[in-house]
2 protein chains.
Amino acid sequence: MSSANLHKWREIAFLRSALAPAGVGTTDEFLDWFAARSAANNFEVQRVPISSLEGWRVEPQTGNVVHESGRFFRIEGIDVATNFGPTPAWSQPIINQPEIGILGFLAQEIDGVLHFLVQAKMEPGNINLVQVSPTVQATHSNFTQVHGGSRPPYLEYFLDAGRAQIVVDQLQSEQGARFLKKRNRNMIVRIPSDESIRIGDDFLWLTLGQLAQLLQRDNVVNMDTRTVLSSVRFAGLGSRESLGPLDAADQPFAEAVLGSATADSDKALNDFDSAVSWFTRMRVEFKLETRSVPLQSLDAWEYDGQTIHHRDGHYFTVIGVSAVASNREVGSWQQPLIESAKGGIIAFICQRHNGILHFLVQARVEPGNFDGVEMAPTLQCTPSNHERRDASDLPPFFNEVMSAPPEQIRYDSLQSEEGGRFYHDQNRYLVLEIDEQDRLEIPANYLWMTIRQLKEFIRFNNLLNIEARGLISCLPLAALGSTSA
Amino acid sequence: MSSANLHKWREIAFLRSALAPAGVGTTDEFLDWFAARSAANNFEVQRVPISSLEGWRVEPQTGNVVHESGRFFRIEGIDVATNFGPTPAWSQPIINQPEIGILGFLAQEIDGVLHFLVQAKMEPGNINLVQVSPTVQATHSNFTQVHGGSRPPYLEYFLDAGRAQIVVDQLQSEQGARFLKKRNRNMIVRIPSDESIRIGDDFLWLTLGQLAQLLQRDNVVNMDTRTVLSSVRFAGLGSRESLGPLDAADQPFAEAVLGSATADSDKALNDFDSAVSWFTRMRVEFKLETRSVPLQSLDAWEYDGQTIHHRDGHYFTVIGVSAVASNREVGSWQQPLIESAKGGIIAFICQRHNGILHFLVQARVEPGNFDGVEMAPTLQCTPSNHERRDASDLPPFFNEVMSAPPEQIRYDSLQSEEGGRFYHDQNRYLVLEIDEQDRLEIPANYLWMTIRQLKEFIRFNNLLNIEARGLISCLPLAALGSTSA
């Protein structure tokens, strides 16, 4: 297939896959397999003091936590100054991981439906240890086997020219509150439908429709899967009307999601270039200055040999873990992880305008952002970090989200952040739809956008943050539970 | 007009303006006025030693050149390391100007045709002193009147909400070889056709068709105008075929430019998402590390009180000038400027594929780039800086461009870089069209794109460099010389 024809194939293949509630197996069969894979391997995770982590050390001159090889990642300090939000300046630990890794799905059309090769992957920070991950989830240190392990399976399809057709390859940011300018490649590559490849024990083919079903459950699909799935677009299909009926009449919200993902630009409340202009103003208006400093220079943070923590117990704690996983490239290892304050909320408010579902997007500064401002969900916060609980302290839309009546809730689940860096870090992912007649007061750093517009921005790096991308991927697709594949 | 309707109005208004060879006045009338404005004011520029520049000093501890207020810009040193190109590491002076300024056109429909308010503006580095500039060309120090001058006229239309409709507002990079991560806002704002405003002596309304005519001449239209004009898109119009005949049958290249600017995505040699994937690979493959260092620590650079220059006379020299301009906010001032080696070439090779004109785009690292790699013209170099003149030293396509036969040349003029920072800096801007049958060998960091695809990338910041944007703006539009408005 020439690359000029790729765009026609891609959107249709994505939609057909999204409308497939079963693939080479049913989702129930997947769940049985998934439970079996979790049981088949030996996984152990124990907390250990940072001071005793094998392979890692706290640098005496800086207090930074570094690997003996100088690779992987380091935890250091930053001083932050910004005119965004109620706190003009602070200092905090942050993960510095300058290497660009690959989060990638291998895809193949099987019986005419595009399938994605998922992995049942253990990460030491996962609350349930094993979650559904992309085919490949590899740091640059993995590629180059710094840790002495074997090369991750299927990596050659992503790295070697000509082994597979590249369908998506984007640089995307990760948590700006925890990582300093971290980015990964989000990839989807495709092999011809007649190519036969060996499927490892921990790997299985799923359709997009099946992944959407699994995203309705708590903590099954990992963060890396969600971010790669956010690159899936249906825009090239033309407007929703041209698609004809999809047997989703009993699923008005799912139908509205598809309508928003395919909405013509004249149905959007804001022209796309106006959204670009709005975002330019936000990048000019909100300043972010960061400066790397030694971790031990942070006044409010303490290291006691066990953990690095905030003196008031807020925000997050750096801990150490010792891990065993019989099916990983390296069978046992130790590493630092970040344990965040519990109870985080990641929420979009949406509303129909011109009959099309729009999402209220926030222009938001986070200290590790590569370029100051990124687009974020309507609300992204951890309530326990807001002590004063008054209007000067709480972010906009806090009350609208926290006290939303049940009839507004369209999506509500617990989803995990990356278990290779975060310990038992689950956030409540929430989507509310408010009534068409409601008139919200919208601060200047919020804008209504269709899913199609959001996905247009996702094509380019450092525009949507990972929380926004992940939550968009959770939205029920039109085919959810449908049998009309 | 609601912002949802903006995109329909905009592309049509842009095209109608591009097809208008005359506006409220003819281009000949403009040229008379322009000569008169240049004569009406008193402009003087003299070279002076850096050591004697009023308001500026060379910091004794660093050798950096700084303004006494700490504002405007500073010239400092950087150490550069990259795996792009033949030189893996070097050090050089660079301009650090962290403030984001505005380059903006005020636009208005007059007799149904969109006009742009241009300014006859003097800059001390301009080879001919006065060039056509956007309505507003203002640094943040201008807005805040750091230099004690008056506020630039018309600035309120760009800064005050509701004074004008924002048509374009983008953050765009400037020369990565000279500026450290510099960006400006590129804006077009529009006032209603029935609003009457005062037009200052140095201002005049022109159509896009007239600006295109002036861009066929050497050094009339300044760099800031070219970068703002690069944001003008015709994509929303649908394919060229739907536009009907444009009386441009005698101008096959101009017709081809319009065809490329409106080409449907299935006519492009590379799918747009494939171009995004290619650029992601380039950003991952090419590394750039820079570190700010004191200017006086640069081994190969010397300061003798007069200038800061490379010991071999290559690259560029920092000089001082004393300027008088009777029509500027501040009537006289002194400042440093950069004088580059002469004879720079900025060239695109283009070729028809699938009947559509494609441009050979280079993924290129320049030391001041905000995000490592940007898209650049096919060739961007100063031949005198390449001493060895062999294949290991000369950039790809050097010979194809430098020895192109006259029948391939579609555009050839001298254009100036920004005269507020650069002294007599003119480059040869060149576009060659090679035969459809020619097969060029294309290195991995080059890709063929249509103008529509290039303009799609321009919407997002730090993707196309200023040389590429400026050269695209020079391309003759379909209406050039036509009288069919």
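The values are calculated or read from the model by the stated rules, or taken from the named source; none is laboratory data. From a predicted model like this one, the values you see are computed outputs, not experimental measurements. Cβ atoms come from the backbone with ideal geometry, glycine included; neighbour counts cover every protein chain shown. Calculation scope for accessible area: heavy atoms of the full protein, side chains included, ligands and nucleic acids excluded. Shrake-Rupley method; radii C 1.70, N 1.55, O 1.52, S 1.80 Å.
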Give segment A:419-437 a look and list any residue that's part of a loop (DSSP other than H, G, I, E, B) and in contact with a strand residue (DSSP E or B) (Cβ under 9 Å, 6 or more places away or on another chain), or say none. A:G419, A:G420, A:R421, A:Y423, A:H424, A:D425, A:I434, A:D435, A:E436
Mind telling me which of the residues B:F158, B:F105 ends up being farther than 19 Å from B:N462 by Cα and in contact with a Pro (Cβ under 8 Å, 6 or more places away or on another chain)? B:F105
How do the strands (runs of 3 or more DSSP E) wholly within segment A:275-384 filter down when requiring 1 or more residues that are open to solvent by less than 10 Å² (accessible area, probe 1.4 Å) and within 14 Å of chain B (Cβ to nearest Cβ): which remain? A:356-365, A:373-376
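Restricting attention to segment A:250-274, which residues are in a helix (DSSP H, G or I) and either at the interface with chain B (Cβ under 10 Å from one of its Cβ atoms) or open to solvent by 30 Å² or more (accessible area, probe 1.4 Å) (or both)?
Hits for segment A:250-274 are A:P252, A:E255, A:S265, A:D266, A:K267, A:F272, A:D273, A:S274.
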Unmet criterion (only one of (1) away from every other protein chain (no Cβ under 14 Å); (2) open to solvent by 40 Å² or more (accessible area, probe 1.4 Å)) for B:H140: (1)
Of the residues B:R469, B:R421, B:R389, which is at positive phi and of a type outside the set (D, E)? B:R389
I'm checking my understanding of the structure. Among residues of segment A:3-37 that are open to solvent by 20 Å² or more (accessible area, probe 1.4 Å) and within 14 Å of another protein chain (Cβ to nearest Cβ), which one is nearest to A:G259 (Cα to Cα)? A:I12
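Kindly establish whether A:Y423 is open to solvent by 10 Å² or more (accessible area, probe 1.4 Å), modelled with pLDDT of 95 or more and of a type in the set (S, T, Y).
Yes: the conditions hold for A:Y423.
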Could you tell me which residue of segment B:38-68 is most open to solvent (accessible area, probe 1.4 Å), considering only residues that are of a type in the set (S, T, Y) and modelled with pLDDT of 95 or more? B:S51
Find the helices (runs of 4 or more DSSP H) located wholly in segment A:126-226 whose residues include 2 or more that are modelled with pLDDT of 95 or more, touching a strand residue (DSSP E or B) at 6+ places or on another chain (Cβ under 6 Å) and under 29 Å from A:P21 (Cα atoms), and list them. A:155-159
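Residues are listed down the side, and each one gets a yes or a no for (1) in contact (Cβ under 8 Å) with a residue 12 or more places away in the chain; (2) closer than 18 Å to A:T139 by Cα; (3) within 14 Å of chain B (Cβ to nearest Cβ):
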| position | (1), (2), (3) |
| --- | --- |
| A:R57 | no, no, no |
| A:H67 | yes, yes, no |
| A:R71 | yes, yes, no |
| A:I75 | yes, yes, no |
| A:G85 | yes, no, no |
| A:A89 | no, no, no |
| A:I102 | yes, yes, yes |
| A:Q108 | yes, no, no |
Whichever residue in segment A:438-458 is part of a helix (DSSP H, G or I) and open to solvent by less than 10 Å² (accessible area, probe 1.4 Å) and, among such residues, is nearest to A:A263 (Cα to Cα): A:I451
Here's a check for you: in segment B:149-188, which residue that is aliphatic (A, V, I, L, M) and more than 14 Å from chain A (Cβ to nearest Cβ) is nearest to A:S274 (Cα to Cα)? B:L155
Among A:F34, A:F30, which is in the same structural domain as A:L129 (by TED's automatic domain parsing) and closer than 25 Å to A:G101 by Cβ? A:F34
Identify, please: which residue in segment A:63-93 is among the aromatic types (F, W, Y) and assigned to a loop (DSSP other than H, G, I, E, B) and is, among those, farthest from A:E302 (Cα to Cα)? A:F84
